[in-house]
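Below is one structure, written out as structure tokens; comments come after it.
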Ligand code: BG6
């Protein structure tokens, strides 16, 4: 259970997943639900109803899960696995046709269970969110105990995001809407809040007097094979920065909330987003942002040559697979402290981390010291490292060496670290929205992103090329280098 969550009451729920046989469902949601079941966090009567075009029966769907998911999860008790499969149902829905039989079948399946929590998980493209909610309303399926879960992308700019929020808002109250950002379910992300607000020593130095800058990186080795349809319209800024990286930034930068409740934390997060200095003028966008696209290297294809169902076009050439941004927060705590954000595909390593770089000692009596650094590693090997200076053992001259004080979650805690989706689904089932994005947060994030997108779209320049497997375009190194800084990996011992 999340340290931020109230104890799960394990209400009986009907969880209806639109896009229920899709990639997200089969790779993340179903395994997460199985883990929750195995840990006793699903009530005995809870059902999972997958909606898809598939034309599958319940038995077909259970067979598909047995074939595709069983190998991904630990099945130590075959009877328990069978019980889990028994929770699964499938309803075929022919979206866009006049055939109403799918909606009738869903109505029939849910009928008589109005007292249960009803969760509609929309793991389907965002243009379906409004229409699906309207259909659910028409069919009379939205009960007071209903919640709706929205997967990203929540629009492609502020206007489209507002459109989606308004449509969904016609049928669900804000407290019933759970907008997922799976980064918020990651263990280290929640530990960041505990580290900051359950320990006294950090708060006095968590500001511009002591912190030089912050780096937030989400580096991936994977490219975008088979994803051109989505990625050509997204790019790294929409896909990763607008949501995941800005969410991490808010948690680093927020003021201590008064309470650990559903609104207090989100109130503080939204204030951070509203304090971001807008990057609007083309000259500022050029100076504070970098975009890149990977080119072929070794056996890795270029972005344009990735296998895809559609050939690349002019728009594909303009898509950024890498971006780095220097952000600033205009408030008392953070004035003058740059927050460098960076994400990219086909980088040399998979690593998501937050690096808080402290300032140097005010007066050094030893030669060769380097300033302290706090590294919060989200993946791989979730953990926290505080780099401090120590004396290298030996007689004679004092020689300093940076050494990490390391907390590895894997080594310190023997309990299994749950996947982000598992935690978030548990919170949805418990009705706890703390780790989900509120409408004003999503819109504040788009408000900051929109001018950058507009300037990139208006620019005649294409993204800077970088060979696949390297740390991104030269511009990213210049972005931090201009103020004499380096990215974390460049000077790692
Ligand atoms: C998703 C993006 O939201 O996050 C993907 O759409 C990206 O492009 C993924 O690969 C990264 O998630 P994680 O948990 O592997 O860092």
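In the stretch 139-152, the qualifying residues are those that are more than 16 Å from the ligand (Cβ to nearest atom), free of Cβ contacts under 8 Å to residues at least 40 places away in the same chain and in contact with a helix residue (DSSP H, G or I) (Cβ under 8 Å, 6 or more places away or on another chain), and the one that is farthest from residue 98 (Cα to Cα) is 146.
Tallying residues that are surrounded by fewer than 18 Cβ atoms within 10 Å (Cβ to Cβ) and either in contact with a strand residue (DSSP E or B) (Cβ under 8 Å, 6 or more places away or on another chain) or without any contact (Cβ under 8 Å) to a residue 12 or more places away in the chain (or both) within the stretch 23-38 yields 1.
Counting residues that are within 16 Å of the ligand (Cβ to nearest atom) and either modelled with pLDDT of 95 or more or out of contact with any strand residue (DSSP E or B) (no Cβ under 6 Å at 6 or more places or on another chain) (or both), which helices (runs of 4 or more DSSP H) fully inside the stretch 204-293 reach at least 2?
On the way: elements: 228-236, 246-253, 264-275, 282-288.
Hits in the stretch 204-293: 228-236, 246-253.
Kindly state which strands (runs of 3 or more DSSP E) lie completely within the stretch 352-449 and contain at least 2 residues that are farther than 25 Å from residue 219 by Cβ.
Details: elements: 373-379, 383-391, 400-408.
Of the strands (runs of 3 or more DSSP E) lying wholly inside the stretch 352-449, those with at least 2 residues that are farther than 25 Å from residue 219 by Cβ span 383-391, 400-408.
The single condition among (1) away from the ligand (no atom under 16 Å from the Cβ); (2) modelled with pLDDT of 95 or more that residue 363 does not meet is (2).
Between 177, 164, which is free of Cβ contacts under 8 Å to residues at least 60 places away in the same chain, more than 13 Å from the ligand (Cβ to nearest atom) and within 20 Å of the chain's Cα centre (by Cα)?
Values: 177 fails: free of Cβ contacts under 8 Å to residues at least 60 places away in the same chain.
Testing whether each residue is free of Cβ contacts under 8 Å to residues at least 60 places away in the same chain, more than 13 Å from the ligand (Cβ to nearest atom) and within 20 Å of the chain's Cα centre (by Cα) leaves just 164.
Taking the criterion of being loosely packed, with under 13 Cβ neighbours inside 10 Å and at pLDDT 95 or above, the only residue of the stretch 61-77 that qualifies is 67.
When you look at residue 280, is it crowded, with 18+ Cβ neighbours inside 10 Å, touching a helix residue (DSSP H, G or I) at 6+ places or on another chain (Cβ under 9 Å) and touching a residue at least 40 places away in the same chain (Cβ under 8 Å), yes or no? If you could, list the steps in order and put the result at the bottom.
Numbers: crowded, with 18+ Cβ neighbours inside 10 Å: no; touching a helix residue (DSSP H, G or I) at 6+ places or on another chain (Cβ under 9 Å): yes; touching a residue at least 40 places away in the same chain (Cβ under 8 Å): yes.
So residue 280 fails the test.
May I ask you to list the residues in the stretch 285-327 that are surrounded by 16 or more Cβ atoms within 10 Å (Cβ to Cβ) and without any contact (Cβ under 8 Å) to a residue 24 or more places away in the chain? Of everything in the stretch 285-327, just one residue is surrounded by 16 or more Cβ atoms within 10 Å (Cβ to Cβ) and without any contact (Cβ under 8 Å) to a residue 24 or more places away in the chain, namely 304. For the stretch 180-203, filtering for residues that are within 16 Å of the ligand (Cβ to nearest atom), more than 29 Å from residue 468 (Cβ to Cβ) and part of a loop (DSSP other than H, G, I, E, B) leaves 1.
Going by the structure shown, is residue 374 within 16 Å of the ligand (Cβ to nearest atom) and either at pLDDT 95 or above or on the phi > 0 side of the Ramachandran plot (or both)?
Values: within 16 Å of the ligand (Cβ to nearest atom): no; either at pLDDT 95 or above or on the phi > 0 side of the Ramachandran plot (or both): yes.
Against the criterion (within 16 Å of the ligand (Cβ to nearest atom) and either at pLDDT 95 or above or on the phi > 0 side of the Ramachandran plot (or both)), residue 374 does not qualify.
Residues in the stretch 359-372 that are in contact with a strand residue (DSSP E or B) (Cβ under 6 Å, 6 or more places away or on another chain) and either over 17 Å from residue 208 (Cα atoms) or touching a residue at least 40 places away in the same chain (Cβ under 8 Å) (or both): 359, 366, 368, 369, 370, 371. Do you know which residues across the stretch 132-153 are in a helix (DSSP H, G or I), within 25 Å of the chain's Cα centre (by Cα) and farther than 15 Å from residue 52 by Cβ? Once the filter is applied, which keeps residues that are in a helix (DSSP H, G or I), within 25 Å of the chain's Cα centre (by Cα) and farther than 15 Å from residue 52 by Cβ, the stretch 132-153 yields only 133. If I ask for residues that are farther than 12 Å from residue 187 by Cβ, away from the ligand (no atom under 16 Å from the Cβ) and surrounded by fewer than 23 Cβ atoms within 10 Å (Cβ to Cβ), which ones from the stretch 411-426 would you list? Across the stretch 411-426, the qualifying residues are 411, 414.
The values are calculated or read from the model by the stated rules, or taken from the named source; none is laboratory data. Quick caveat, the model's predicted, so the values are computed rather than measured. Neighbour counts run over all protein chains shown; Cβ positions are idealised from the backbone, glycine included.
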